[in-house]
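A.B. asks: This is the structure I want to talk about, given as structure tokens.
The values are calculated or read from the model by the stated rules, or taken from the named source; none is laboratory data. Model, not experiment: these values are computed from the prediction. In this analysis, Cβ positions are derived from the backbone assuming ideal geometry, glycine residues included, and neighbour counts consider all displayed protein chains. Calculation scope for accessible area: heavy atoms of the full protein, side chains included, ligands and nucleic acids excluded. Shrake-Rupley method; radii C 1.70, N 1.55, O 1.52, S 1.80 Å.
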Amino acid sequence: MKPPIVEQSEPITLIGGGDVGENDLNLVLPVAPTLVAADGGADQALARGHMPQAVIGDFDSVSDDVRRQIPPERLFPVREQETTDFDKALRYVRAPLVVGVGFLGGRVDHQLAVLNTLVRKAATPCVLLGAHEVLFHAPPRIELVLDPGSVVSLFPLARVNGRSSGLEWPIDQLTFDPSGQIGTSNRSTGPVTLEMDQPGLLVMVPRGAFDLVMQAFRSTRHVPWPAHAG
């Protein structure tokens, strides 16, 4: 296994080349202050006045002008086309949590590739911030202190089983499957606990719950999937 390019004991912000909201970095950087760009995310970062600590990718999206502005020692090309830049970036960063902006919205095929990577890289906890939602791959157990009535959507990318408390429609006894049972538009009745038997379930909650999701991932009650999961 190759050594990481960026390694931190605190959460890392990862910026992509997709839709980045005007306030996304202002919301994320205070809790994940190290900024890493996935390829064209470097353009997004500099356009908002932020210099990334590292740029990781195959460099087919970052503009020449932005490359000239970034110190060479911060550029880390990964010369292969078999994986996405999001995949490459997750592969070469090591942190207790990665918070991604610029990966939701835009082209559907790009978003699907990102969601696929979230499941395959299950051992790397990652939270994605979108225009309307916060999305993450469900760990074996997580507790979310949500307000009653919050939308909690569950979508499987693999066949998974689990248990819940605090949902209007509990998931106990259900088998989720991408070609069968899904769980979009569920609602919280208060704090929510999810316990999953296998990796593969995506969780989506309102964007306004970002701080609550971060608290859940910082909690000692959060347990990540082992490195071989996904």
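A.B. asks: Can you put S188, S61, S179, S219 in order of accessible area, largest first, using a 1.4 Å probe?
C.D. replies: From most accessible down to least: S179, S61, S219, S188.
A.B. asks: Read through the labelled values [x] 12.0; [y] 13.7; [z] 12.6 and report the label of the one computed as mean projected area of the Cα convex hull in nm² from the structure.
C.D. replies: Computing mean projected area of the Cα convex hull in nm² and matching it to [x] 12.0; [y] 13.7; [z] 12.6 gives [x].
A.B. asks: Residues of segment 155-194 with the amide nitrogen closer than 12 Å to a label point 7 Å from the Cα of H132, along Cα-to-Cβ, please.
C.D. replies: 185
A.B. asks: Here is a follow-up. Roughly how much of H110 is accessible, in Å² to the nearest 10, using a 1.4 Å probe?
C.D. replies: 100
A.B. asks: Could you work out how much longer the chain between E10 and V223 gets when fully extended? Use 0.36 nm per residue separation minus the Cα distance between them, nm to one decimal.
C.D. replies: 75.1 nm
A.B. asks: Tell me the accessible surface of R187 in square angstrom (1.4 angstrom probe, heavy atoms of protein chains only), to the nearest ten.
C.D. replies: 90
A.B. asks: Suppose only helical runs count, i.e. DSSP H with n ≥ 4. What mean residue ellipticity at 222 nm does that imply for the chain under -39500 (n - 2.57) per run, divided by all residues and rounded to the nearest 500 deg cm²/dmol?
C.D. replies: Calculated mean residue ellipticity at 222 nm is -5500 deg cm²/dmol.
A.B. asks: Would segment 1-40 count as rounded, prolate or oblate if I go by the C-alpha gyration tensor, calling it rounded below 1.5 in a/c and otherwise prolate when a/b exceeds b/c, oblate otherwise?
C.D. replies: In terms of gyration-tensor shape, oblate.
A.B. asks: Tell me the accessible surface of F103 in square angstrom (1.4 angstrom probe, heavy atoms of protein chains only), to the nearest ten.
C.D. replies: Rounded to the nearest 10, the figure is 20 Å².
A.B. asks: Measuring from label point to label point, each 7 Å out along Cα→Cβ, what is the R79 to S185 span in nm?
C.D. replies: 5.1
A.B. asks: Determine, at each q value in 0.15, 0.17 (inverse angstroms), the log₁₀ of I(q)/I(0) that the Debye formula gives when each Cα of segment 142-230 is one equal point scatterer.
C.D. replies: -0.53, -0.69
A.B. asks: Across every pair of different alpha-carbon atoms, what Kirkwood hydrodynamic radius in Å does segment 67-126 reach?
C.D. replies: 13.0
A.B. asks: Restricting the count to DSSP beta bridges whose residues both fall in the chain, what percent are antiparallel, rounded to a multiple of 5?
C.D. replies: 55
A.B. asks: Next question, about the same structure. Hey, rough spin-label estimate for A47 and S61, points 7 angstrom out along Cα→Cβ, what's it come to in nanometres?
C.D. replies: 1.2
A.B. asks: With the cut-off at 1.5 for a/c, could you classify segment 1-109 from its C-alpha gyration tensor as rounded, prolate or oblate?
C.D. replies: Judged from the Cα gyration tensor, segment 1-109 comes out rounded (a/c under 1.5).
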